[in-house]
Every structure is written in C-alpha cells, then in structure tokens.
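This report refers to the structure that appears directly beneath it.
The values are calculated or read from the model by the stated rules, or taken from the named source; none is laboratory data. Small disclaimer: the values here were computed from a predicted structure and weren't measured. FYI the Cβ positions are ideal-geometry reconstructions off the backbone, even for glycines, and counts take in every protein chain you see.
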Amino acid sequence: MRIGFLYNSQNHQILHSLPMALELSILRPDWQVEILAPSPGHLDYIRRFIPLYPGANVVLRLLRVPLAVAAYRCFRPLPLPPKVWSLLHNRAFLNRFDVLVTTEKTSLWMRRFGVTRPKLVNTEHGAGDRDVTFDPRVARFDFNLIPSPKTVRRLLEKGYLRDGQYALAAYAKFDIVRRLENDRPPLFANGRPTILYNPHFAPSLSSWPVVGMQVLELLATQDRYNLIFAPHMRLFHPGGSAQMAPFVRFQGLSHLRIDLGSDASSDMTYTLAADLYLGDVSSQVYEFLCRPRPCLFLNAHDVAWQDDANYRFWTLGPVLSNAQVPALLTHLDAAFAQHADWRERQEAAFAANFDLSIPDPGRHNAALLADWLVRAV
C-alpha cells in the first residue's frame with residue numbers, strides 16, 4: 001500500500017500528523033509511507049524530527065512547482081505555491097497513491113481535478129472553539145482522525161460525521177513536543193516572568209491591527225516582564241525585511257523576542273517557555289494550557305462573547321477591552337496573583353479538549369489509521 005502524507009500548507013501544520021506518519025512506517029514496514037511537501041524548506045523542517053523516531057522509514061518527495069510560480073519567484077519571494085494551484089499541477093502524481101493524509105480541507109479540491117483513486121484522510125491541525133474547527137467539509141473525507149473529544153462531540157451534534165467515518169484520536173503534536181522537551185534552552189536569563197503575545201492572523205478577529213503595537217510598546221518600556229511576540233504564522237506570511245521594518249526599534253532589548261514565523265512558532269517552544277498567555281482567538285491557548293498558567297485575552301473588536309461558544313476559551317482568564325490596554329501591566333500583575341481562581345476551570349477545559357491518558361499519541365493514531373486502512377482499502 002502506498003500512503004502519502006500531504007503537507008501543502010505552512011510548516012505550522014506539519015507536527016499535527018508527522019508523528020503518525022513516522023510511527024506508521026514502523027508499525028507497517030510492508031507499506032510505503034511518503035512525505036509530500038511543496039518546498040525544500042518543508043522537507044528540511046521534517047528531517048529534523050525523523051531521528052526522534054528510531055526505525056522510521058519514510059520517503060521524502062518534493063511536489064512539482066508550477067512554472068508560473070517558478071517564474072514569479074524570479075522577481076518576488078513566494079515560499080509556498082498557492083495550495084489549489086499546487087494540487088492541480090501535481091494531480092497525476094497524487095492520483096498514484098492508495099491513501100492521502102492531510103491536515104487541512106483545501107486538499108479536497110483534488111477531487112475536482114480528477115484525483116479519485118486515493119482515499120482521503122483528514123487529521124485536523126488544532127483543536128479550538130471557533131466554528132472553523134467544526135467544519136462541515138469533514139463529511140467529504142473518507143476518514144477523519146479527530147484529536148479532541150470536544151470536537152468529535154460537536155461534529156456529531158451538527159451531523160457532519162457518521163459512524164465508521166471517524167475515530168477519536170490523540171493530539172499527535174504533543175508526541176513530538178515531549179521528545180523535544182529536553183533540548184530547549186532558556187529563552188531569557190534575567191529571571192523575569194515571560195509573557196507570550198500570540199495574536200490571530202484574521203483582521204476581523206485579531207487584536208494586532210487594533211492594539212498590537214500598543215501592547216509591544218508598553219512591554220518594551222517596563223522592567224518586570226519578558227515578552228515573546230510570536231503571532232500566528234499567517235499574520236506576517238511570507239515575512240522578509242519589509243515585514244520586520246516596524247519592529248527595528250525594539251532590536252537590542254534583552255527582554256523582548258520578536259518572531260514573525262520561525263519554526264519555534266510552531267513547535268511549542270514559546271507556549272512551553274511562557275508564564276502567561278496573552279492573545280485573542282488562537283487555538284494555541286489550549287496547547288499553552290498543557291500546563292495550567294495565567295491567561296489574559298484582548299477583546300479588540302468589542303465582541304459580545306459571554307454566551308458565544310466560539311469564545312469559550314475566554315472563560316479561562318480575564319478579558320480586557322481596548323480601554324483597559326493602557327493599564328496592561330496592572331492587569332498582568334493581577335492575572336498572576338489571581339491564577340488560582342482560574343486553574344480548576346483551565347484544567348477542566350483542557351481535559352475536555354485532549355485525552356492525555358494516551359502515552360504515545362503518534363503510535364496510537366498510526367494504529368487507528370492502519371486498522372481503518374486494512375478494512376477500507
């Protein structure tokens with residue numbers, strides 16, 4: 001059997017299924033497991049993690065780049081070809097597989113391009129509260145590995161899943177994070193608590209275009225906290241010197257770290273290193289809560305959120321209005337002092353989102369996938 005793990009998006013999605021791919025190659029050495037990626041940078045990133053899984057045997061393959069994209073790159077940087085265009089250009093190659101496993105829904109466009117031979121498997125790439133997590137397109141996949149009990153429950157309530165079309169999986173990203181944990185040096189050496197500011201990329205949801213620079217300036221001019229500014233990777237994609245220009249004035253400050261999208265933004269380097277999460281609607285808050293710690297949320301768009309299931313994570317810490325941002329330091333102090341009031345609620349929300357009783361999430365998910373493949377292919 002030939003199984004392709006398709007990574008046709010930014011690097012931040014890779015760790016959500018890569019442990020499964022590597023473990024599947026160990027569990028079923030008689031199957032050919034291939035990693036398919038759109039850029040050499042993706043493959044370099046993936047190579048970093050293969051040694052963490054002794055015995056893994058996967059084939060790394062670079063997807064063909066459309067000629068128009070190659071020509072465009074002669075004039076302007078474009079790290080990632082447009083996803084739909086890449087699928088169209090590689091349709092004949094993709095149609096040679098028995099199974100294609102993907103972390104995102106855009107890959108369903110393959111069916112329109114004549115890629116009908118492989119079964120399509122969805123693994124998701126996060127587990128938050130917003131409606132985007134509960135996408136009706138899951139019904140169009142042959143099989144879904146859903147990494148959250150809460151997500152499964154809501155998908156079933158909405159009628160998007162049926163029996164035999166899904167399995168409740170583990171959160172595979174935690175598998176790699178656990179293996180990396182001993183190799184993470186401290187980010188700051190001054191002993192101060194560290195704040196992670198992690199705004200979302202969508203302008204209509206994100207705090208960045210409204211109060212983001214104000215947050216950075218407030219924390220740049222104080223001496224109580226360190227700050228990691230690590231927004232969602234798509235906020236400043238594709239990056240470059242022009243994107244960094246507004247942050248030049250913060251260079252040289254030993255208590256600030258500005259990261260607009262490096263690998264550390266996606267492998268939980270920052271969510272593990274921080275002592276407090278400051279954000280808006282990113283599902284990364286749930287990854288941060290693998291260890292309960294203070295959270296503070298920015299309601300930059302004056303949302304009436306209290307009875308909205310899309311903002312359930314805002315019940316896990318204080319929520320600030322724009323008018324309260326000038327007093328951010330006072331609110332940070334209070335969030336640390338009052339964390340005990342929120343801890344039990346955080347623990348319950350995390351337990352509803354992830355099943356941590358599974359010691360090896362990658363192996364567990366690989367076994368679930370293998371069992372289904374034996375029956376379905």
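With GLY261, GLY252, GLY317 as the choices, which residue is crowded, with 22+ Cβ neighbours inside 10 Å and out of contact with any helix residue (DSSP H, G or I) (no Cβ under 8 Å at 6 or more places or on another chain)? Spell out the reasoning first.
Values: GLY252 fails: crowded, with 22+ Cβ neighbours inside 10 Å; GLY317 fails: out of contact with any helix residue (DSSP H, G or I) (no Cβ under 8 Å at 6 or more places or on another chain).
Selected residue: GLY261, the only one of GLY261, GLY252, GLY317 that is crowded, with 22+ Cβ neighbours inside 10 Å and out of contact with any helix residue (DSSP H, G or I) (no Cβ under 8 Å at 6 or more places or on another chain).
Filter segment 241-266 for residues that are modelled with pLDDT of 85 or more and over 12 Å from ALA230 (Cα atoms) and give the result.
PRO246, PHE247, VAL248, ARG249, PHE250, GLN251, GLY252, LEU253, SER254, HIS255
Does segment 203-222 hold any residues that are buried (at least 17 other Cβ atoms within 10 Å of the Cβ) and part of a loop (DSSP other than H, G, I, E, B), and which are they? Show your work before the answer.
Let us first name the residues in segment 203-222 that are buried (at least 17 other Cβ atoms within 10 Å of the Cβ), namely 205-208, 210-212, 215-216, 218-219.
Passing the criteria: LEU205, SER206, SER207.
Quick one: is PRO246 without any contact (Cβ under 8 Å) to a residue 40 or more places away in the chain and loosely packed, with under 14 Cβ neighbours inside 10 Å? Step through it out loud before you land on a result.
On the way: without any contact (Cβ under 8 Å) to a residue 40 or more places away in the chain: yes; loosely packed, with under 14 Cβ neighbours inside 10 Å: yes.
Considered against the rule, which asks whether it is without any contact (Cβ under 8 Å) to a residue 40 or more places away in the chain and loosely packed, with under 14 Cβ neighbours inside 10 Å, PRO246 comes out as yes.
Looking only at segment 306-324, which residues are within 20 Å of GLN222 (Cα to Cα) and part of a helix (DSSP H, G or I)?
Filtering segment 306-324 for residues within 20 Å of GLN222 (Cα to Cα) gives 320, 322-324.
Selection gives ASN322, ALA323, GLN324.
Could you give every pair whose Cβ atoms fall below 9 Å, whose first residue belongs to segment 124-135 and is of a type outside the set (Gly, Ala, Ser), and whose second residue is at pLDDT below 80 and assigned to a helix (DSSP H, G or I), counting only separations of at least 6 or pairs across chains?
GLU124/THR133
Of ARG162, ARG117, which residue is free of Cβ contacts under 8 Å to residues at least 60 places away in the same chain and in contact with an Asp or Glu (Cβ under 8 Å, 6 or more places away or on another chain)?
Numbers: ARG162 fails: in contact with an Asp or Glu (Cβ under 8 Å, 6 or more places away or on another chain).
Going through ARG162, ARG117 in turn, just one is free of Cβ contacts under 8 Å to residues at least 60 places away in the same chain and in contact with an Asp or Glu (Cβ under 8 Å, 6 or more places away or on another chain): ARG117.
What's the number of the only condition in (1) at pLDDT below 95; (2) out of contact with any Lys or Arg (no Cβ under 7 Å at 6 or more places or on another chain); (3) farther than 30 Å from ALA309 by Cβ; (4) of a type outside the set (Gly, Ala, Ser) that ARG47 fails to meet?
Going through the list (1) at pLDDT below 95; (2) out of contact with any Lys or Arg (no Cβ under 7 Å at 6 or more places or on another chain); (3) farther than 30 Å from ALA309 by Cβ; (4) of a type outside the set (Gly, Ala, Ser), ARG47 breaks only (1).
Which of the residues spanning segment 355-372 are touching a helix residue (DSSP H, G or I) at 6+ places or on another chain (Cβ under 9 Å) and not in a loop (DSSP other than H, G, I, E, B)?
Of everything in segment 355-372, those that are touching a helix residue (DSSP H, G or I) at 6+ places or on another chain (Cβ under 9 Å) and not in a loop (DSSP other than H, G, I, E, B) turn out to be PRO361, GLY362, ARG363, HIS364, ASN365, ALA366, ALA367, LEU368, LEU369, ALA370.
State the number of residues belonging to segment 76-87 that are modelled with pLDDT under 90 and not in a loop (DSSP other than H, G, I, E, B).
Within segment 76-87, the subset modelled with pLDDT under 90 is 76-86.
After this cut, where a residue has to be not in a loop (DSSP other than H, G, I, E, B) as well, the list is 83-86.
Here the count works out to 4.
Which pairs turn up if I take residues in segment 328-349 that are closer than 30 Å to THR151 by Cα and look for partners that are part of a helix (DSSP H, G or I) and of a type outside the set (A, V, I, L, M) with beta carbon separation below 7 Å, at least 6 apart in sequence or on another chain?
Going by the 7 Å Cβ cut-off, the qualifying pairs are ARG345/THR315.
What's the number of the only condition in (1) surrounded by fewer than 17 Cβ atoms within 10 Å (Cβ to Cβ); (2) within 17 Å of the chain's Cα centre (by Cα); (3) within 16 Å of ALA274 (Cα to Cα) that ARG192 fails to meet?
Exception for ARG192: condition (2).
From (1) under 25 Å from THR151 (Cα atoms); (2) crowded, with 20+ Cβ neighbours inside 10 Å, pick out the condition that doesn't hold for ALA230.
Unmet condition: (1).
Would you point out which residue out of ALA327, ALA352, ALA348 is surrounded by fewer than 17 Cβ atoms within 10 Å (Cβ to Cβ), modelled with pLDDT under 90 and in a helix (DSSP H, G or I)?
Numbers: ALA327 fails: modelled with pLDDT under 90; ALA348 fails: modelled with pLDDT under 90.
Criteria check complete, one pass: ALA352.
If only one of ARG73, ARG64 is farther than 22 Å from ILE176 by Cβ, modelled with pLDDT under 85 and either among the polar types (S, T, N, Q) or surrounded by fewer than 20 Cβ atoms within 10 Å (Cβ to Cβ) (or both), which one is it? Can you show your working first?
Details: ARG64 fails: modelled with pLDDT under 85.
It is ARG73.
Could you check, for segment 280-301, whether at least one of its residues is among the acidic types (Asp, Glu), assigned to a loop (DSSP other than H, G, I, E, B) and either surrounded by 18 or more Cβ atoms within 10 Å (Cβ to Cβ) or in contact with a strand residue (DSSP E or B) (Cβ under 7 Å, 6 or more places away or on another chain) (or both)? Quick ask: steps written out before the conclusion?
Taking segment 280-301 as the starting set, the residues that turn out to be among the acidic types (Asp, Glu) are 280, 287.
Narrowing the set further to residues that are assigned to a loop (DSSP other than H, G, I, E, B) leaves 280.
Adding the requirement that they be either surrounded by 18 or more Cβ atoms within 10 Å (Cβ to Cβ) or in contact with a strand residue (DSSP E or B) (Cβ under 7 Å, 6 or more places away or on another chain) (or both) leaves 280.
The answer is yes, given that some residue of segment 280-301 is among the acidic types (Asp, Glu), assigned to a loop (DSSP other than H, G, I, E, B) and either surrounded by 18 or more Cβ atoms within 10 Å (Cβ to Cβ) or in contact with a strand residue (DSSP E or B) (Cβ under 7 Å, 6 or more places away or on another chain) (or both).
Residue pairs, Cβ under 6 Å, 6 or more apart or interchain, first in segment 297-318 and closer than 23 Å to GLU157 by Cβ, second part of a strand (DSSP E or B) and at pLDDT 90 or above. List them.
Within 6 Å, the pairs are TRP314/PHE297; LEU316/CYS295.
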